[in-house]
Each structure stands twice: as C-alpha cells, then as structure tokens.
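Scroll down for the structure; my scribbles are underneath it.
The values are calculated or read from the model by the stated rules, or taken from the named source; none is laboratory data. Every value quoted in this text rests on a predicted model; they were computed, and no experiment measured them. Virtual Cβ from ideal backbone geometry, glycine too; neighbours counted across all protein chains shown.
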Amino acid sequence: MAANRPEGHTPSAPAWCAVDFPEVTAYSMIFSRGPDNAEVLAGLRAALTDSEDAPDHLERARVVNFTDDGDDAAQAAGAVETVFLAYWVNPQVWKRFCDSCDALRRAGVYCETALIPAERWETIAGTKRPLPGVRNLTSVKFTELHDYWGAARDRMAASEHDRFEATPGSPLPANLCLIRSGQKWDECLADERERYFADIEPKLRAGIDFLARNRDTGCICGRFLREQNLDGDDLESTSFVGWFEDLASLEAWSRSHSTHLAIFHTFLSTVQLLGRPPKLRLWHEVSVLPEGGVQLHQPALSPLAELVT
Ligand code: HEM
C-alpha cells in the first residue's frame with residue numbers, strides 16, 4: 001500500500017488518517033437553492049435530525065464560490081445555496097431516509113450521494129483534534145504515508161489492485177472522484193489568523209476559482225463552503241468539495257498546478273515564519289466511486305447531470 005512512497009522517506013510533520021471505515025458509507029450533499037428557502041431549510045433540518053433514519057453525522061454549510069459574502073447580484077439571481085452534509089454508516093438507512101423524506105422533493109432541493117466502500121476512502125489531517133467529515137464515523141491513527149505526491153492514492157486500500165481509471169458507466173461513469181479539503185482556523189492566535197487571511201486564504205480562493213472555471217482540469221464541479229452550525233451561523237472553517245472525472249485529474253492538479261503549489265508553499269513558509277506549530281487545522285477526505293456509487297436526486301439541478309447517459 002505504499003507504491004508511490006520514495007525509498008527511505010520520512011515525513012517532515014506528523015499526520016493522522018481515518019481507519020475502520022463502515023463497510024459502505026452513504027455520504028449525501030443535500031443542496032437547497034434560492035434566497036427564500038428558510039422554510040425548506042427548516043424542513044430539511046428537522047428531517048435530518050429528527051427522523052428515525054437520520055444520518056450518523058450531519059453538518060451544514062453555505063456555498064460561497066462566486067457569491068462571496070453579501071453579493072446581492074448573485075443572491076438576486078437565486079445562486080445562494082445551503083448544503084447539508086450527511087454521513088450514514090448504513091446505506092439501507094440512507095435509502096429509507098430518502099424514500100420517506102418529503103423535504104427532499106421540495107422545489108430547489110437536489111442531492112448528490114456517494115456510496116463509498118471502505119477500501120475506496122482515504123483521509124489525512126495534520127492533527128488529532130476534532131474535525132468535520134467522515135472521521136466522525138471512524139477511528140483515527142497516526143500515519144507515515146503522507147508528505148509525498150501519490151500518498152493519497154497509497155492510503156486508499158483498493159489502490160493495491162485498482163488503478164481507478166475513468167470508465168464509461170450508466171447512468172454515471174465509474175471511478176468519479178470526490179474530495180473535501182478543509183481549513184479550520186478557530187484555534188489560531190491573532191498573528192497566525194492574520195497570516196492565514198493575508199497570505200494563504202487568497203491563494204486557496206485562486207486555486208478553487210481556477211478549478212471551478214476550468215473543466216479541462218477534470219474538475220466537474222467545485223464548491224467552496226463556509227461551514228456553519230446546524231442553525232446556520234458561520235463557523236471559523238471552510239472546505240472545498242470537488243467532483244473530478246478521476247483520481248488522476250485530482251492528483252495532477254495537486255502535484256503540478258501552480259495554484260495548488262502556491263497554496264502549498266505559502267502554507268509551508270507561513271509555518272516557518274510563525275516559528276511554532278500551526279493551530280490551523282488542515283484535512284481532507286477523498287473517495288473514488290465504483291459504477292453505481294453516485295446517485296442523484298433531482299439530477300437536472302446538479303452539475304453532475306452533464307455526465308448522465
Ligand atoms: C489552505 C489550503 C491547502 C493547503 C495549505 C494545502 C496543502 C497541502 C499539503 C501540505 C499537502 C501534502 C500533505 C501530506 O501528504 O502531508 C497537500 C496535499 C494534497 N492537496 Fe492540498 N492544500 C490545500 C488545499 C487543497 C485543496 C482545495 C485541494 C482540492 C482539490 C487540495 C488537494 C490536495 C490533494 C489531492 C493532496 C494529496 C496529493 C497526493 O497525496 O498526491 N488541497 N495539500
């Protein structure tokens with residue numbers, strides 16, 4: 001499971017990854033679009049928290065890619081989107097939830113679900129502290145499989161026997177790749193916070209903007225999320241959620257595109273300038289979906305609709 005690890009490689013910083021994933025995780029992103037959707041959001045939230053078939057882990061965020069805070073034009077155009085990120089350890093419970101949830105069928109609501117076998121997941125974080133995402137369903141362990149290009153693939157158990165090549169499939173191609181890459185600054189002291197927003201965050205936005213506007217990168221759709229509590233109050237964290245045609249496209253951008261390298265190198269030089277371990281919590285989770293592993297509710301509203309055959 002370390003095919004890409006350079007001989008004798010020792011990571012320059014500690015890192016932790018999730019282990020003991022559910023046999024199949026059902027991970028839904030349930031979007032609600034439109035400026036006047038308070039009632040729809042309340043219905044979704046109630047269903048997601050009160051239902052017998054509620055998810056095992058639930059988060060909320062707003063999509064801020066192109067709208068940013070207070071962009072009236074985008075809001076007027078109905079581009080405002082809220083998303084619930086819901087993780088179930090049992091796909092049958094997820095299915096029951098979807099079949100019985102009326103709020104999922106309201107206007108402007110659509111849902112993208114990944115059904116992820118354990119061996120097609122990988123995560124990485126520079127901390128053991130609490131973080132969003134699938135690691136709320138798993139245990140976490142120290143790993144040395146990081147800090148080299150190709151490490152994400154090495155951490156995915158199925159890479160031992162699968163290259164995850166993009167393959168035509170129905171209704172969606174096989175081996176689509178999904179990343180959630182997070183940044184949490186709530187524990188940063190004032191000087192680190194200042195550096196984050198002056199130096200790193202603008203580069204992160206540039207990278208996300210590049211991916212979201214350049215389909216030839218293999219990025220089908222990229223959303224920048226401002227994370228929130230379930231009441232809709234902003235938290236001090238963001239994440240990027242991106243669908244890619246395959247893992248190779250995601251790897252190519254991260255290892256060689258100037259926008260990710262700029263984020264990466266700025267982070268490393270900021271840590272050096274800081275002169276102490278950063279409190280910024282960075283993490284990501286990546287999955288590669290087998291054929292049939294991506295399901296859409298109201299597909300016409302999803303950017304993934306372009307792939308449906
Ligand atoms: C503040 C934002 C970000 C920072 C500071 C950052 C920094 C890093 C660092 C330091 C690594 C190496 C981690 C290790 O193996 O130890 C890495 C890997 C990676 N990053 Fe980022 N990154 C950021 C945002 C993103 C975003 C938005 C994406 C989404 C497309 C992304 C995709 C990846 C991928 C896929 C890898 C793994 C590459 C591999 O193992 O081959 N990163 N990043």
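Below, the figures for the structure above:
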read-out	value
Single residue of segment 14-39 satisfying the filter (modelled with pLDDT under 95 and more than 21 Å from LEU178 (Cβ to Cβ)) that is surrounded by the most Cβ atoms within 10 Å (Cβ to Cβ)	ASN37
Members of segment 266-282 found to be within 9 Å of the ligand (Cβ to nearest atom), more than 20 Å from the chain's Cα centre (by Cα) and either within 22 Å of TRP243 (Cβ to Cβ) or loosely packed, with under 14 Cβ neighbours inside 10 Å (or both), listed by number	LEU268
ASP216 vs. criteria free of Cβ contacts under 8 Å to residues at least 60 places away in the same chain and either of a type outside the set (Ser, Thr, Tyr) or more than 12 Å from ASN65 (Cβ to Cβ) (or both)	yes
Members of segment 241-271 that are closer than 18 Å to ASP147 by Cα and of a type in the set (Asp, Glu)	GLU251
Any hit, segment 40-53, residues being farther than 22 Å from ILE124 by Cβ, surrounded by fewer than 16 Cβ atoms within 10 Å (Cβ to Cβ) and under 23 Å from the mean Cα position of the chain (by Cα)	yes
Any hit, segment 231-240, residues being more than 9 Å from the ligand (Cβ to nearest atom) and either in contact with a helix residue (DSSP H, G or I) (Cβ under 6 Å, 6 or more places away or on another chain) or aromatic (Phe, Trp, Tyr) (or both)	no
Segment 182-196 - residue that is out of contact with any helix residue (DSSP H, G or I) (no Cβ under 9 Å at 6 or more places or on another chain) and within 11 Å of the ligand (Cβ to nearest atom) and, of those, nearest to VAL308 (Cα to Cα)	GLY182
Verdict on THR143 being among the hydroxyl-bearing types (Ser, Thr, Tyr) and in contact with a helix residue (DSSP H, G or I) (Cβ under 8 Å, 6 or more places away or on another chain)	yes
Inter-residue pairs, beta-carbon under 7 Å, first free of Cβ contacts under 8 Å to residues at least 40 places away in the same chain and assigned to a loop (DSSP other than H, G, I, E, B) and in segment 150-170, second within 15 Å of the ligand (Cβ to nearest atom) and hydroxyl-bearing (Ser, Thr, Tyr), 6+ apart	none
Filter result (over 15 Å from the mean Cα position of the chain (by Cα) and buried (at least 21 other Cβ atoms within 10 Å of the Cβ)) within segment 208-228	GLY218
Residues of segment 127-139 satisfying the condition of being buried (at least 18 other Cβ atoms within 10 Å of the Cβ) and either within 15 Å of the ligand (Cβ to nearest atom) or not in a loop (DSSP other than H, G, I, E, B) (or both)	THR127, LEU131, PRO132, GLY133, VAL134, ARG135, LEU137
